[in-house]
Amino acid sequence: MIAAAGEQLLPAVADGRIRPLVDSTYSFATAAEAGQRLRSHRPHGKIILTVP
């Protein structure tokens, strides 16, 4: 059942019909701040770390 959901979900993400909700983006250098944001229990979406 989970595999069947993935077969429908992944193409929808790939072609832009479904997009993740992004709360904030942090550089890898500021990962500690990202951790604080996560622990605050206030994010309203994904917290993204960018890697150089």
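General observations
- Conditions (1) charged (D, E, K, R); (2) open to solvent by less than 100 Å² (accessible area, probe 1.4 Å); (3) touching a Pro at 6+ places or on another chain (Cβ under 8 Å); number of the one not met by Lys46: (2)
- Just one of (1) in a helix (DSSP H, G or I); (2) aliphatic (A, V, I, L, M); (3) open to solvent by 60 Å² or more (accessible area, probe 1.4 Å) fails for Ala34. It is (3).
The values are calculated or read from the model by the stated rules, or taken from the named source; none is laboratory data. Treat the numbers as computed from the prediction; the structure is a model and nothing was measured. Counting neighbours? That spans all protein chains shown, and the Cβs are built from the backbone with ideal geometry, glycine included. With ligands, DNA and RNA removed, areas are computed over all heavy atoms of the protein, side chains included. Shrake-Rupley method; radii C 1.70, N 1.55, O 1.52, S 1.80 Å.
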